[in-house]
Amino acid sequence: MQAGMIVGNLASAIGITTEDAALVADLKAGSEEAFAILIAQYHQPLYSLIARSLNDPADAADITQEVFIKVFRSIRGFHGEASLRTWLYRIALREASNQRRWWSRHKKQEITIDSPYEPDLDDEGKGLCLSATLADHSDSPFDHASQSETRVRVEAALRELPEAFRTVVILREIEGFAYEEIAEILDVNLGTVKSRLTRGRSALRALLSNESCIPPANSASYPLPETSKVTQ
């Protein structure tokens, strides 16, 4: 019992929960069960984050798998300076950024005959809250179709934002991280987070109000990932 109290106190001191501390300890010991728990708990949130961070969300599954491989290989280097969730998101964003750089050099030059086409868009999404457009609360086929179209437009607009703005908007508006957590994940100061969020929101609003700025979205034929956490 005393040992348990010591672990709990240590976990609190270094910023991770007792539950996470126990999971990390099992992961470092090579527990396959612990790794399965980690995947079950974080696969969907990380997949959603990565899909919205990439130029082509079709690559999200492979990148998510790569993230967990990196986690498995580097877990012994995790010392609890940040929460486990923050550490995982940091790795996921790094892998997504690497993929974007590769895409900018290679894949965006590819043009296929069956590239998705999206009809002309209207101004329906102007002024809508990002979290509201990505959440699915439809009650009828008509509502579902309308919200799906809006979600596609928002997803497309997100991919038009500069990487620094897009990442902050996703972490705050979709994933629900606090400003301090975002600063920790991105290793920037709090003022930078707030500035990027303000500019990102403004840029997103401008894109949604100007349909000519939003190109056909890769996500048009792609099932949108569920949000892991949406702020109201």
Yes/no for LYS229 being outside any helix (DSSP H, G or I), under 30 Å from THR86 (Cβ atoms), open to solvent by 60 Å² or more (accessible area, probe 1.4 Å) and modelled with pLDDT under 90:
yes
Has segment 185-198 got any residue that is over 12 Å from the mean Cα position of the chain (by Cα) and among the basic types (Lys, Arg)?
yes
Hits in segment 10-42 - residues which are at pLDDT 90 or above, among the hydroxyl-bearing types (Ser, Thr, Tyr) and not in a helix (DSSP H, G or I):
SER31
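Here's the yes/no breakdown for (1) modelled with pLDDT under 90; (2) closer than 30 Å to ARG151 by Cα; (3) outside any helix (DSSP H, G or I):
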site	(1), (2), (3)
GLY8	yes, no, no
ALA61	no, yes, no
GLN65	no, yes, no
ARG100	yes, yes, no
Of (1) without any contact (Cβ under 8 Å) to a residue 40 or more places away in the chain; (2) in contact with a Phe, Trp or Tyr (Cβ under 6 Å, 6 or more places away or on another chain); (3) not aliphatic (A, V, I, L, M), ASN55 satisfies all except one. Which?
(1)
Residue among LEU49, LEU54 that is within 11 Å of the chain's Cα centre (by Cα), on the phi < 0 side of the Ramachandran plot and modelled with pLDDT under 90
LEU54
Kindly indicate the residue of segment 144-177 that is of a type in the set (Gly, Ala, Ser) and assigned to a helix (DSSP H, G or I) and also most open to solvent (accessible area, probe 1.4 Å) among those meeting that condition.
ALA145
For segment 178-200, which positions are open to solvent by less than 30 Å² (accessible area, probe 1.4 Å), over 21 Å from GLN99 (Cα atoms) and in contact (Cβ under 8 Å) with a residue 40 or more places away in the chain?
none
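The values are calculated or read from the model by the stated rules, or taken from the named source; none is laboratory data. Given the structure is predicted, the values throughout are model-derived calculations rather than measurements. Every residue, glycine as well, gets a Cβ built from its backbone with ideal geometry; the counts of neighbours run over all protein chains shown. Heavy atoms of the whole protein, side chains included, go into the accessibility calculation; ligands, DNA and RNA do not. Shrake-Rupley method; radii C 1.70, N 1.55, O 1.52, S 1.80 Å.
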